[in-house]
Amino acid sequence: MSADNIHHVETAEQFDSLLAANTYVAVDFYADWCPPCKAIAPIYKSLADKHSAENTLAFAKVNVDNVTKIAARYGITAMPTFLFFKEGQQVAVNGQAMIQGADPRSLGAAAEKLGGLAQKRLEEAQAASA
């Protein structure tokens, strides 16, 4: 993981490993040429810095032009698009299967929800090992 708490996915194998290694994963599908992607990037970074939890909640970025296999797998046609995963399966968060566009309010709410779920999962694991 890079120092900024965001996994920069470069291959399909790396993406699949990330899903397998974390209970929850938030993914930002972006393109370098996309102005809204650049606008939301600092917000996504701050959410990752606040909510990332090792092996429990990971934040990833996938450049759709470089990792076309993953973009095609999930039918990504607009950027930015944010998807959420639980135990390797795509899930809806707050009733949204995905967030399309630079929508800081929806993205923040989804990150808060995932952060809360991740924290609960960590607390349950600690209680079970006590």
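Checked against a 20 Å cut-off, the cross-linked pairs LYS38/LYS69; LYS50/LYS120; LYS38/LYS61 give Cα-Cα distances beyond that limit for LYS38/LYS69.
Taking amide hydrogens as placed 1.01 Å from N in the peptide plane, the amide H of THR56 sits under 5 Å from those of THR23, each at least 5 positions away in sequence or on another chain. Compactness of region 1-56, taken as the C-alpha radius of gyration over 2.2 N^0.38 Å, stands at 1.16.
When semi-axes √(5λ) of the Cα gyration tensor in Å is computed from the coordinates, the matching label among (i) 33, 14, 10; (ii) 24, 16, 13; (iii) 26, 23, 13 is (ii).
Our estimate of slack between LYS69 and GLU10, defined as 0.36 nm per intervening residue step minus the Cα-Cα distance, is 20.2 nm. Computed from backbone phi with θ = phi - 60° and the Karplus coefficients 6.51, -1.76 and 1.60, the 3J(HN,Hα) list for region 67-77 is 10, 5, 4, 6, 4, 5, 4, 9, x, 6, 10 Hz; x is used for glycine and proline.
Run the numbers on the chain and let me know its relative contact order in percent, using alpha-carbon pairs under 8 Å that are six or more apart. Display every interim value, and only then the final one.
Working: 207 pairs, mean separation 40.3, N = 130.
Relative CO of the chain lands at 31 percent.
Any read-out appearing in this document is the output of simple, stated calculations on the displayed coordinates, not a laboratory observation. Just so it is clear, the structure is predicted and the values come from calculations on it, not from any experiment.
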